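**Student:** The structure under discussion is supplied below as structure tokens; questions concerning it will follow.
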Amino acid sequence: MNELTVTVAGHAEREYAPNRCTVALQVHADGATREQAADPVARAVAALTGLVTELRERPGNPVKRWTFDQVRHSRYRPYSNEGATLPWRYTSAASITVTFHNFDAIGAFVDRVSGFEAVSVADLRWWIGRRSRQKKLARVRDLAVQNALDKAKGYTKSLGYSTFRAVAIADPGMLGLPTPPAPYPGGGPVMRSAMHAGLTSTPEENGPAFTLEPDRISITADVEARFEAS
């Protein structure tokens, strides 16, 4: 039996639980004077810094890292409905992110900072840490290669071929096959991140008013493979 060359695309997708959550906080205030805008922001930043420091000093520190964008001050001149120039308005703002690797602490943290003057919770971003993500991507790539091999075996099953030797493994498009359709442009490994979490009510005497249930994160990979079947 003559050798047969088989070129196929492989695909794999798996969902994993996130192990990181970044809470993005916005601090903002405005007023008729610079002090009216700046003072609430300064107090809020000091309170947030104290809270994060308290968390980091706990046994089993739940905070992986945090960042603080310096306070920004500005002013603008509003206009009335008639187009008249109104007195200056002053604004102060800052951004703070806190990344957790222990999710048990997030609900209480969000519940507490939501009560701070001039502070709002802008976003909760759930993701997978770099080392863990690399291991999971490697696993999904292996599954994509296995999918390609299974596909090649399926195509040639009725022809009696039983031995397969890989002669090329490549990223999508490099062996001349059409690239995968959206949402996987380019066909390389993709991680779709959960940007929100569900809220589940809990009794107030047991802790914060809600617990967080993050979505799982989908990691995908596409490969092209060429086999010699005999």
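The values are calculated or read from the model by the stated rules, or taken from the named source; none is laboratory data. On a predicted model such as this, the values are computed, not experimentally measured, just so you know. We place every Cβ from the backbone using ideal geometry, glycine too, and count neighbours over all the protein chains shown. Only protein heavy atoms, including side chains, enter the accessible area calculation; ligands, DNA and RNA are left aside. Shrake-Rupley method; radii C 1.70, N 1.55, O 1.52, S 1.80 Å.
**Student:** Just name the residue that is nearest to Asp104 (Cα to Cα) out of those in segment 58-71 that are surrounded by fewer than 15 Cβ atoms within 10 Å (Cβ to Cβ) and at pLDDT below 95.
**Tutor:** Gly60
Here's the yes/no breakdown for (1) in a loop (DSSP other than H, G, I, E, B); (2) more than 30 Å from Met174 (Cβ to Cβ):
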site: Val8; (1), (2): no, no
site: Thr22; (1), (2): no, yes
site: Arg58; (1), (2): yes, yes
site: Thr67; (1), (2): no, yes
site: Gln70; (1), (2): no, yes
site: Arg75; (1), (2): no, yes
site: Ala94; (1), (2): no, yes
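**Student:** Pick from Ala47, Ala9: which is open to solvent by less than 100 Å² (accessible area, probe 1.4 Å), small (Gly, Ala, Ser) and under 30 Å from Thr156 (Cβ atoms)? Show your work before the answer.
**Tutor:** Numbers: Ala47 fails: under 30 Å from Thr156 (Cβ atoms).
When all the criteria are applied, what remains is Ala9.
**Student:** Moving on to the next point. State which residue pairs qualify: first residue closer than 10 Å to His101 by Cα and inside segment 60-72, second residue open to solvent by 70 Å² or more (accessible area, probe 1.4 Å) in any location, beta carbons under 6 Å apart, and separation of 6 or more residues or different chains.
**Tutor:** As it stands, the answer is Val63/Arg56; Lys64/His101, since those pairs meet every condition given.
**Student:** Then there's this: Does segment 72-109 hold any residues that are open to solvent by less than 20 Å² (accessible area, probe 1.4 Å) and aromatic (Phe, Trp, Tyr), and which are they?
**Tutor:** Phe100, Phe109
**Student:** Another one. With Gly154, Gly176 as the choices, which residue is at pLDDT 50 or above and on the phi > 0 side of the Ramachandran plot?
**Tutor:** None of the others qualify; the one that does is Gly176.
**Student:** Further question on the same structure: Within segment 121-144, identify whether any single residue is of a type in the set (Lys, Arg) and closer than 30 Å to Glu35 by Cα, and answer yes or no.
**Tutor:** Taking segment 121-144 as the starting set, the residues that turn out to be of a type in the set (Lys, Arg) are 125, 130-131, 133, 135-136, 139, 141.
Next, only the ones that are closer than 30 Å to Glu35 by Cα stay: none.
So far as segment 121-144 goes, no, none of its residues is of a type in the set (Lys, Arg) and closer than 30 Å to Glu35 by Cα.
**Student:** Out of segment 1-28, which residues are of a type in the set (D, E, K, R) and closer than 30 Å to Val41 by Cβ?
**Tutor:** Arg20 - this is the single residue of segment 1-28 that is of a type in the set (D, E, K, R) and closer than 30 Å to Val41 by Cβ.
**Student:** Related question: When the residues of segment 203-221 are narrowed to those that are surrounded by fewer than 18 Cβ atoms within 10 Å (Cβ to Cβ) and farther than 26 Å from Gly115 by Cα, which ends up modelled with the lowest pLDDT?
**Tutor:** Taking the candidates together, the pick is Arg216.
**Student:** OK, next. Taking the criterion of being within 26 Å of the chain's Cα centre (by Cα) and not in a helix (DSSP H, G or I), would at least one residue in segment 27-45 satisfy it?
**Tutor:** Checked against the condition, which is being within 26 Å of the chain's Cα centre (by Cα) and not in a helix (DSSP H, G or I), segment 27-45 yields at least one hit.
**Student:** Only residues that are open to solvent by 60 Å² or more (accessible area, probe 1.4 Å), assigned to a helix (DSSP H, G or I) and among the polar types (S, T, N, Q): list them for segment 110-153, please.
**Tutor:** Within segment 110-153, Gln134, Gln146 meet the criteria.
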